[in-house]
Structures are given as structure tokens and as C-alpha cells.
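The values are calculated or read from the model by the stated rules, or taken from the named source; none is laboratory data. Keep in mind the model is a prediction, meaning the values are calculated, not measured. Note that we place each Cβ from the backbone using ideal geometry, even for glycine, and neighbour counts take in every protein chain shown. What goes into the accessible areas is simple: the full protein's heavy atoms, side chains included, and nothing from ligands, DNA or RNA. Shrake-Rupley method; radii C 1.70, N 1.55, O 1.52, S 1.80 Å.
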Amino acid sequence: MRMKTFLIDDDDLGNYLTETLLRLEGFCDDILTFQLAEDALQALLQARGSEIPQIIFLDLNMPLMNGWQFLEALAPYQGQLLGRCHIYILTSSLALTDMEKAKTYDLVAGLIHKPIDSDEIRAIRSHLEEQKA
Amino acid sequence: MLPSDRIPAHVFFEQHPDAVFTLNAAGEIVRANGPFAELLGCPAAQVAGRSFWACLQPGERERAGQGFEQALAGETCVLDLALGGAVSRRMTCTLFPLLINEQVQGVQGILQDVGPPSQAEKGREPEHMLSVIFNTIADVVFVLEVGEAGSFRFSFANRAFTQTTGIPLEQILGKRIEEVIPEPSLSMYQEKYRLAVATQQRLGWLDTTVFPAGRVTGQVSITPVVEADGSCRQLVGIVHDQTSVLQAAEALTVSNERYKYAIRATTDAIYDWNIPENTLFWGEGFEALFGHMLVQNVSNLDLWAEFIHPDDSQQTVYSLMQAVEAPHVRYWQGEYRFRRADNTWATVFDRGYVLRDAAGQPLRMIGAMQDISERKEAEERQRRMAQEVFKQNADLQQFAYIVSHNLRAPLANALGFADLLLRTGKDTEVFDNSLKNLHASLRELDAVLSDVSTVLAVRDRQEVPQREPVHLAGVCQRVAQSLIDSLREADATISCQLPDDLQVCGNRAYFHSIFYNLFSNAIKFRADDRPLSVVVTGMQTPGQGSTITVSDNGSGFDTARAGTDVFQLYKRFHPVKRGRGIGLFLVKSHVEAMGGTVTVESQVNVGTRFILHFS
């Protein structure tokens with residue numbers, strides 16, 4: 001599947017895990033990993049057309065710019081991104097407040113507790129395919 | 001021509017212009033003409049049958065009686081008499097016998113106006129005046145006759161005597177003093193009277209006696225009347241009643257006493273400010289409360305204002321002046337800090353009442369300053385405690401949140417890698433990596449758990465267990481020594497430039513932890529392109545405490561982006577490089593537990609400097 005994916009997490013072990021699972025599931029090959037949310041933001045804002053990732057996995061707890069700040073920074077570009085870029089929050093947090101807060105962002109398609117598993121990866125894929133159809 | 005025998009005798013009698021009358025042998029009026037009735041001021045018909053004596057002034061009866069007796073004896077008698085009745089008049093009275101058949105049957109009389117008073121009569125006027133005076137003045141006046149064997153008898157007393165004592169005059173006049181004056185005053189009076197008689201000197205004293213009218217207090221003055229032969233047979237007494245004056249004075253004394261004790265009972269500083277004259281009078285509490293020994297008690301408002309804390313002074317004086325100048329404001333109150341004699345500050349609650357004249361102009365202000373320092377401090381302690389509890393509660397919530405997250409992060413990774421191990425063949429690169437990463441995740445999990453226990457230990461023990469002078473240079477070198485392997489690996493040096501005599505009162509283990517965490521951070525966040533150099537300096541300034549700096553030439557961080565508190569637990573602000581966000585939290589906790597402060601300065605790719613200060 002030709003799909004571009006951003007993985008934003010300061011935890012390199014976590015990134016390695018997620019990336020490996022995505023590849024094993026054949027989710028996509030084009031995975032870009034960012035340990036700094038700021039770098040991901042720059043890349044996203046400079047992306048044109050097919051460069052824009054369909055999927056972003058976003059960690060919440062990161063130094064400097066955390067997941068929420070990343071989402072706030074994207075707010076001005078929401079119009080251009082909605083429907084083209086789906087953001088999944090991928091967090092180790094089990095807090096309900098994070099779940100509730102996630103729902104207030106239109107760009108957020110869902111919240112997944114780490115570690116992501118095969119079923120979740122398949123669900124995301126089918127969701128995307130539905131949308132395309 | 002009118003024959004004389006045709007004129008009835010009674011015509012002459014009745015038409016006589018003078019008052020003409022006839023008395024029987026008992027002195028009763030048998031008949032009297034119109035002018036007589038007129039003189040008495042009563043109808044003519046009611047005159048007959050009355051006693052002639054009753055028509056006279058009481059003092060005249062004796063003389064009149066003598067004249068009457070003379071007339072009855074056959075002589076004609078002329079006297080001056082003062083008539084009683086509506087208008088007292090002095091008349092010349094001619095009394096002569098009423099002869100019927102050579103027998104004296106009664107007395108006839110003629111009363112004639114004397115005209116202007118004679119010299120003798122003028123001499124009697126002052127007597128009359130005195131009588132008026134005695135009976136109208138408020139002071140008690142009495143005369144005592146001095147009898148044999150030191151007995152005293154009232155021969156005169158004025159109306160005021162009765163009014164003051166409540167004893168009727170008839171129970172006084174002619175009575176011995178034992179019959180009038182109650183004990184215990186009686187004995188004292190007798191003594192005084194005898195003394196006055198013996199010394200022939202005037203005596204005076206303040207006397208209180210219980211009479212039927214009540215307790216009477218008066219200034220008594222007894223004057224002996226000394227006769228020509230040197231004897232003393234009369235005492236004149238005057239009593240000036242001071243009962244009401246003394247009662248008022250006594251009430252005032254009682255009220256003053258009460259006020260005095262009330263002031264003593266209160267711990268407040270009472271003041272009385274005379275506003276037009278700007279004089280300020282302090283109650284006893286002022287010295288007791290604040291310890292100022294006032295050179296003179298009367299000062300002015302400026303002195304008061306001088307003692308007020310500079311930060312409160314302007315506002316307090318302004319608000320007082322506003323209140324005093326507003327015509328309808330009765331009360332003023334303020335809270336301010338007031339300097340004690342030992343230069344500490346008392347928090348004072350001051351409330352005053354402004355007295356004004358009819359025009360609303362301020363005259364005086366009476367008020368009290370209350371030292372509420374203790375209450376204030378208790379309130380402040382309570383406020384701080386509440387704040388602390390609130391903060392700790394918030395911290396705990398945050399702590400729980402972060403711990404759950406930080407625990408879950410390596411756990412989630414471990415779960416994920418375990419899952420991968422199941423799915424991949426043994427001889428693949430993914431399998432090897434997963435196994436390695438599983439280990440790494442579990443080690444991380446272990447580190448997080450150990451952090452949690454460290455943090456909980458620090459939180460539990462807010463107070464420093466043991467404080468002693470700590471030789472910082474020694475601790476610093478020992479920590480550097482313990483990190484020697486890491487330092488060599490990182491190609492780093494630690495230069496301890498702490499003065500050898502620098503000692504800070506605190507806990508050795510805490511300082512060890514502080515240096516350890518700061519050095520570990522420096523190694524962890526060193527710049528990749530240059531060897532790390534850490535410099536520790538220290539300086540002790542008498543009176544200002546000690547300052548220790550730990551500087552490095554590492555990667556630094558953006559202080560603006562790192563946010564308000566880099567010392568917060570689990571706060572990480574270095575990109576990418578793994579920090580658990582606990583080192584600086586521990587540094588700060590330890591520094592503050594020893595009463596110090598810690599601040600940080602940093603510049604990206606230049607270095608970081610931590611400044612510790614202990615006062």
C-alpha cells in the first residue's frame with residue numbers, strides 16, 4: 001500500500017517497535033520517524049501533495065514540544081489537512097482525561113494505547129480504505 | 001340743732017375713722033368697728049368673739065398682755081403694736097378700762113396708724129431681714145444654747161434644717177441634741193461642741209450623718225458666741241450641704257476607677273488625640289505593648305506616624321486624615337505594622353472614635369491599638385499550610401499521572417517486544433533486536449520504579465534529619481572520584497575550585513546527592529563536539545551566606561522553551577537524549593530542605609550554570 005506515515009515519539013525503543021510492527025503488518029513502507037515534534041511539524045508544513053502523510057502516530061509525553069502542543073500548532077492548517085492526514089495518538093498513558101481531550105481535536109482520528117498491535121493496525125487500514133471508497 | 005341726747009352712743013363708735021374695739025375681761029373681742037375689721041382684712045361680722053391676741057404678731061402678745069392688764073386695773077395705756085393679718089402694720093394702740101357702773105367690765109381700745117417708722121422701728125428691720133434670710137438660704141443654720149454640764153439645746157433652727165434632715169422644726173426647737181442627732185454622729189458632735197466652747201474657736205469639719213431624709217454630707221462650721229464676760233453660752237452652727245456634689249464626685253471616682261481597671265485589663269494601647277492642638281496622649285498599654293519609653297507622654301501624631309512601617313505609613317496616615325476630615329465619619333480603623341522598641345514589627349489593629357463639635361469639626365479621637373501580630377502570624381501560618389497542602393495535593397495528582405505514564409511507557413515497550421519475539425523466527429535480526437530491546441525496556445522500568453521510591457523518600461522527609469557544617473570541597477571531590485569511569489569514558493574533567501575552608505550547614509548526604517546529580521546531568525547532556533569541562537566554584541560572604549556554582553560547557557538548553565521550572569519532577573527539556581526528569585528535582589528538593597535556593601542559567605551549545613545559595 002502506497003502510504004506515507006509519520007511516527008513522532010521521543011522514545012527510540014518505542015519508535016523501533018512501532019516501525020517494526022507496521023512493516024511486519026505490511027501497513028506501509030514509507031515511514032518517517034521524528035524524535036522531536038518540532039521537526040515533524042516543519043516537515044509536515046513543508047510537505048506538498050503526496051508528501052503529506054496520510055497517517056501520523058503522535059506520542060503525547062515528549063520534551064520541549066509535547067503531543068498537545070503539536071496539535072495546537074497544527075490548528076491553523078486544519079482546513080488543508082482534514083480528510084488527507086489522519087492523526088492517531090499513540091501513548092502509553094491510560095488516563096481518561098487524555099482520551100477526553102483527544103476527542104476535542106478534529107484532526108485526531110483515534111487514540112491508541114502502546115504498544116500498538118496487529119488488530120489495531122488492521123483496523124486503521126480498513127478505516128482508511130473505507131474513506132477512500 | 002341736734003340735741004346731744006339724740007345721738008346714740010354706738011353711732012360714734014361705728015363711724016369713728018380709727019379702729020375702735022371693746023374686749024371682755026378674757027381679752028376676747030366683744031365688738032369692733034369697720035376700720036378694725038379692715039385692718040385685720042376680714043369681714044366685720046367675723047371679728048366678734050375672736051381673741052385679740054390672735055390678731056397680733058406673735059412677738060407682740062406679751063407687751064399687749066401687760067397693757068391689757070393695766071387697763072383692767074383702771075389705767076389707760078398706750079403702746080406700739082404690730083398687727084398680724086394680711087398686711088402687718090405697726091399701730092399705736094390706746095387701751096383704757098371699760099367702766100360700767102364704776103366697775104371695770106372690760107377694755108376699750110383705739111388703734112391709730114403711727115405714720116413713718118420711728119428710729120427704733122428701723123432698728124428692727126434687719127431682724128426681719130435676717131429672718132427672711134435664715135429661712136430662705138439653702139445652708140442649715142442653727143443656734144445651740146450651752147447648758148450646764150456640757151449639755152446643748154437647740155434654740156434656733158432654720159427651714160433648711162428641716163429640709164435637709166427631714167426633722168420637723170417642733171422636734172428641734174427647745175430640744176437637747178441627744179433628742180435630735182442620731183449616733184454615732186451625736187458623740188462626735190458633743191465632743192466638737194465642747195471643744196468649741198472650751199477653746200472659743202471656730203471649728204469646721206466634713207460630716208456625714210444619716211438623718212431621716214437620708215445620708216447627708218456637709219461642711220459643718222461651729223462658731224462659739226463669746227459674751228462680754230468671756231463666757232460662751234451659745235454656739236452658732238452652719239452646715240453647707242455637699243451631699244449631691246460629693247455623690248457626683250464619688251460617682252466620677254468610681255467610674256474613673258472602673259475605667260482605670262478596664263484599661264489595665266486590656267492589653268491595648270489606648271490613646272487620646274487632641275486634634276486641633278495635635279497632642280497625643282498614650283495609655284499605659286503603649287509602653288507595655290511596644291516597649292517605647294516615652295520621654296513625655298504627650299506627643300503628637302508625627303511621632304505615631306514615624307513608628308509605622310514605611311510601606312504602610314502613607315496609606316494609613318492618609319486614611320486617618322480622610323476619616324477625620326469627613327464631618328460625618330465617627331469611626332476610623334486601620335491595620336498596619338508598628339515598630340517596637342527592639343525594631344521588630346508588630347501588626348496592629350487600630351480603631352478610634354472621632355469626637356466632633358456641632359459643626360462636625362473634629363475635636364478629639366479616642367482609640368485603641370491592638371497588637372494582632374500573633375493572630376496575624378497564625379493566620380499566615382495557616383494560609384501557608386493551606387497553600388502547601390494544596391500544592392502537595394496538586395503535586396501528588398501530577399505525580400500519580402506522570403508515574404503511571406512513565407511506568408507504562410517501558411512496560412508497553414516490553415509488551416510490544418515480547419509480542420514481536422513470539423512472531424518472528426529465532427535467527428532474524430528483528431528477533432535479536434527485540435530481545436535486546438525487551439531487556440532495555442525492563443531495565444528502564446526498573447529505573448523508573450527506583451526513581452519513584454527515591455522521590456517518595458524525599459517527599460516524606462521534608463525536614464533535614466541532621467544539620468552539621470559540611471566541608472563542601474571534600475564532598476565534591478569524593479563525588480567526582482566516584483564518577484571517574486563515566487568521566488574517562490566521556491573524556492570529561494571536573495575541576496573543584498571550592499575554597500578549602502568553605503563550610504555550609506546542612507546534611508552531608510544531601511550535598512553528595514546534589515553534586516552527583518549535577519555532575520551526572522553535565523555528563524549526560526555534554527556537547528558531542530568538545531570534551532566536557534565542569535567547574536565548581538564557591539564563595540562565602542559574611543552576612544550574606546555562601547554561593548556555589550557548577551558550570552559546564554555542555555549542550556545547554558533553551559531556557560525560554562524549557563518553561564518556568566526546569567526543576568520540576570519528570571520535567572525533561574533536552575531533545576532526544578534520555579533524561580528521566582528526576583535529577584534536578586532531587587537537587588532542588590535537597591537544596592530547599594537545607595534552606596537554600598537554586599537557580600540555573602543556560603545557553604544552547606554554550607553551557608549551563610547552576611547557582612546554589614545558602615544564607
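Here A:Leu94 meets each of (1) open to solvent by 80 Å² or more (accessible area, probe 1.4 Å); (2) farther than 30 Å from B:Gln398 by Cα with one exception, condition (2). I'd like the full set of residues that are within 14 Å of another protein chain (Cβ to nearest Cβ) and either more than 30 Å from B:Phe399 (Cβ to Cβ) or of a type in the set (Gly, Ala, Ser) (or both), limited to region A:97-119. Within region A:97-119, A:Ser118, A:Asp119 meet the criteria.
One residue stands out among those in region B:392-427 that are among the small types (Gly, Ala, Ser) and at the interface with another protein chain (Cβ under 7 Å from one of its Cβ atoms): the one that is nearest to A:Thr97 (Cα to Cα), which is B:Ser404.
Entry remark, region A:16-26: residues being more than 10 Å from chain B (Cβ to nearest Cβ) and closer than 16 Å to A:Leu58 by Cβ number 2 in total. In a residue-by-residue description of region B:44-61, the property of being open to solvent by 60 Å² or more (accessible area, probe 1.4 Å), in a strand (DSSP E or B) and not hydrophobic (A, V, I, L, M, F, W, C) applies to no position.
Please determine whether any residue of region B:341-360 is in a loop (DSSP other than H, G, I, E, B) and at positive phi. Quick ask: steps written out before the conclusion?
Our first condition is that a residue be in a loop (DSSP other than H, G, I, E, B); within region B:341-360, this holds for B:341-344, B:357-360.
Imposing the further condition that a residue be at positive phi reduces the set to B:343, B:360.
Within region B:341-360, one or more residues are in a loop (DSSP other than H, G, I, E, B) and at positive phi.
Within region A:71-87, being touching a Leu at 6+ places or on another chain (Cβ under 7 Å) and either within 14 Å of chain B (Cβ to nearest Cβ) or basic (Lys, Arg) (or both) holds for one residue alone: A:Ala73. All conditions but one from (1) at pLDDT 85 or above; (2) within 14 Å of chain A (Cβ to nearest Cβ); (3) open to solvent by 20 Å² or more (accessible area, probe 1.4 Å); (4) within 17 Å of B:Thr454 (Cβ to Cβ) apply to B:Ser555; the one that does not is (4).
Would you please name the residue that is nearest to the other protein chains (Cβ to nearest Cβ), looking only at residues in region B:435-456 that are hydrophobic (A, V, I, L, M, F, W, C) and within 60 Å of the chain's Cα centre (by Cα)?
Going through region B:435-456, the residues hydrophobic (A, V, I, L, M, F, W, C) turn out to be B:435, B:438, B:440, B:442, B:445, B:447-449, B:452, B:455-456.
Narrowing the set further to residues that are within 60 Å of the chain's Cα centre (by Cα) leaves B:455-456.
Working: B:Val455: 17, B:Leu456: 20 Å.
Ranking the qualifying residues of region B:435-456, first place goes to B:Val455.
Within region B:226-253, the set of residues being small (Gly, Ala, Ser), free of Cβ contacts under 8 Å to residues at least 12 places away in the same chain and closer than 17 Å to B:Thr209 by Cβ comprises B:Ser244 only. Of all residues being within 14 Å of chain B (Cβ to nearest Cβ) and open to solvent by 40 Å² or more (accessible area, probe 1.4 Å) in region A:27-58, which is farthest from B:Leu420 (Cα to Cα)? Just the residue, please. Among them, the one singled out is A:Gln42. Looking across region B:329-379, the residues that are more than 16 Å from the chain's Cα centre (by Cα) and acidic (Asp, Glu) come down to B:Glu335, B:Asp342, B:Asp357, B:Glu374, B:Glu377, B:Glu379.
Here is a yes/no grid of residues against (1) closer than 19 Å to A:Ile116 by Cβ; (2) in contact with a Lys or Arg (Cβ under 6 Å, 6 or more places away or on another chain); (3) outside the structural domain of B:Glu592 (by TED's automatic domain parsing):
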{"residue": "B:Gln397", "(1), (2), (3)": "no, no, yes"}
{"residue": "B:Leu420", "(1), (2), (3)": "yes, no, yes"}
{"residue": "B:Thr424", "(1), (2), (3)": "yes, no, yes"}
{"residue": "B:Val430", "(1), (2), (3)": "yes, no, yes"}
{"residue": "B:His439", "(1), (2), (3)": "no, no, yes"}
{"residue": "B:Val455", "(1), (2), (3)": "no, no, yes"}
{"residue": "B:Val470", "(1), (2), (3)": "no, yes, no"}
{"residue": "B:Leu483", "(1), (2), (3)": "no, no, no"}
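For region A:105-119, filtering for residues that are open to solvent by 50 Å² or more (accessible area, probe 1.4 Å) and either in contact (Cβ under 8 Å) with a residue 60 or more places away in the chain or under 21 Å from B:His405 (Cα atoms) (or both) leaves 2.
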